[in-house]
Amino acid sequence: MKRHHSSGNREFNPETLALGYGYDPELSAGSVKPPVFLTSTFQFHSALEGKRFFELAYGLREPDEGEEAGLIYSRLNNPNLQMFEERVAAWDRTEKGATFASGMAAIATTILALVEPGSVVVSTSPVYGGTHYLLEHILPRFGVERRFVPAGDGAPAALERVAEEVGRDRVRMVFVETPANPSLVHTDVAAMAAITAGLGRSDFRAGLVVDNTLLGPVFQRPAPLGADVVLYSATKFLGGHSDLIAGVATGAARVMDKVLEFRTILGTVTTPFNGWLLQRSLETVSVRMRRQAKTARKLALLLQEHPRVRAVHYPGLLQPGTPQHALFHRQCTGAGSMISFEVDGGEEQAFRILDRFEVFRLAVSLGGTESLVEHPASMTHADVPPDENASVGVTPGLIRLSVGLEHRSDLQRDLLHALEA
């Protein structure tokens with residue numbers, strides 16, 4: 001199946017591409033679904049073909065018109081991975097994708113491919129705890145400086161100030177997680193892209209990298225807004241069944257070629273079987289995410305009215321007339337299924353509530369078919385200093401929900417039961 005229909009050369013919708021793009025059943029004995037290509041290596045038709053494949057793989061020559069990279073070794077490429085990458089890239093409206101062994105492998109490989117010693121990464125905050133640890137503790141060992149700016153309405157102005165402070169030519173990457181995990185604050189991707197375009201050097205301009213895990217690819221597309229790379233923990237909604245660990249990045253070919261070079265040498269690619277599982281899951285991601293979002297809105301409204309709840313953070317409840325409400329409707333097409341809410345009594349009261357859930361599973365991660373609940377301050381964001389957490393709304397009383405596919409009435413009953421603690 002091609003990306004465009006023969007009638008009028010019109011591009012298929014993502015939901016259609018997710019079921020067939022990049023796969024020819026005739027090459028697999030007519031199988032309607034792609035088989036799992038469980039192989040480490042691939043046979044060449046001739047020695048010359050092998051030579052030409054390696055020339056492309058290692059950038060020794062430019063491809064001829066219409067020539068695509070051939071299959072060599074599953075650390076470099078694999079049919080299951082390539083099909084998934086092409087389908088996610090089509091959804092994101094980008095040119096090229098790369099699949100990884102985890103979301104953190106995608107983030108780390110992308111950052112390492114685009115920075116250099118002496119350069120600066122500017123990131124919004126809060127971000128996922130693993131990302132924060134990488135920026136705070138790992139990158140400085142390689143001579144890369146990090147700066148954080150608060151996610152939200154003030155992020156573009158803060159980025160400008162930081163760039164002037166550290167030197168605009170030193171900034172190699174701007175990293176944005178939107179909505180932020182777990183505060184669910186939105187950052188203006190287009191505004192950040194406009195500023196990022198003026199950073200870096202003439203021979204190495206800065207790149208805007210956006211973690212799109214919480215809303216993408218169904219409810220948010222950062223690439224048309226100016227993002228150079230779009231990242232996902234594919235473990236979450238893209239995988240959607242809590243049965244795999246993977247990551248994926250998509251973006252402009254000029255950037256992704258650098259990322260793929262690092263993936264090849266670092267070996268951060270995922271397995272063929274994971275690629276097959278991701279293909280399976282991508283077929284239903286739109287259906288799952290829309291159903292989960294519908295239930296999440298009902299639960300967010302319930303929480304908003306509950307006397308024990310101090311605050312509810314959910315994009316679907318943003319107040320009209322506020323900058324966040326305007327940004328959400330400009331940048332997103334849906335609110336997703338992540339909810340954070342704060343209760344009085346700090347960690348002690350939050351733990352009492354967490355221990356009373358019977359349907360929601362007390363576990364980290366998100367985006368699976370099952371509903372999950374966790375305590376960010378002591379779990380996913382435990383490595384972040386308490387004062388830094390508190391400054392971005394990750395308080396001891398904050399609880400994060402990932403709404404799954406269970407019946408809405410059971411989730412409502414479970415939530416009310418937990419709040420009786």
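The values are calculated or read from the model by the stated rules, or taken from the named source; none is laboratory data. Owing to the predicted nature of the structure, the values given are computational and were not obtained by experimental measurement. Neighbour counts are summed over all protein chains in view; Cβ atoms, including those assigned to glycine, are modelled from backbone coordinates with ideal geometry.
At-a-glance table
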| item | result |
| --- | --- |
| Unmet criterion (only one of (1) outside any helix (DSSP H, G or I); (2) surrounded by fewer than 15 Cβ atoms within 10 Å (Cβ to Cβ)) for LEU27 | (1) |
| Region 273-311, residues that are acidic (Asp, Glu) and either farther than 21 Å from LEU415 by Cα or surrounded by 14 or more Cβ atoms within 10 Å (Cβ to Cβ) (or both) | GLU283 |
| Yes/no for GLY198 being in contact with a helix residue (DSSP H, G or I) (Cβ under 7 Å, 6 or more places away or on another chain), modelled with pLDDT of 95 or more and surrounded by fewer than 24 Cβ atoms within 10 Å (Cβ to Cβ) | no |
| Single residue of region 158-172 satisfying the filter (touching a helix residue (DSSP H, G or I) at 6+ places or on another chain (Cβ under 9 Å) and hydrophobic (A, V, I, L, M, F, W, C)) that is surrounded by the most Cβ atoms within 10 Å (Cβ to Cβ) | VAL171 |
| Selection count where residues are under 22 Å from the mean Cα position of the chain (by Cα) and either part of a loop (DSSP other than H, G, I, E, B) or over 23 Å from GLY397 (Cα atoms) (or both), scope region 309-323 | 1 |
| Some residue of region 186-208 being within 19 Å of VAL392 (Cβ to Cβ), assigned to a strand (DSSP E or B) and free of Cβ contacts under 8 Å to residues at least 40 places away in the same chain | no |
| Boolean, ALA253 is assigned by TED's automatic domain parsing to the domain that holds THR99 and either closer than 24 Å to ASN13 by Cβ or without any contact (Cβ under 8 Å) to a residue 24 or more places away in the chain (or both) | yes |
| Residues that are more than 26 Å from MET379 (Cα to Cα) and among the charged types (D, E, K, R), drawn from region 113-144 | GLU116 |
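Let's see how each residue does on (1) in the same structural domain as ASP203 (by TED's automatic domain parsing); (2) part of a helix (DSSP H, G or I); (3) crowded, with 24+ Cβ neighbours inside 10 Å:
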position	(1), (2), (3)
ALA98	yes, no, yes
MET104	yes, yes, no
GLY118	yes, no, no
LEU134	yes, yes, no
PRO140	yes, yes, no
ARG146	yes, no, no
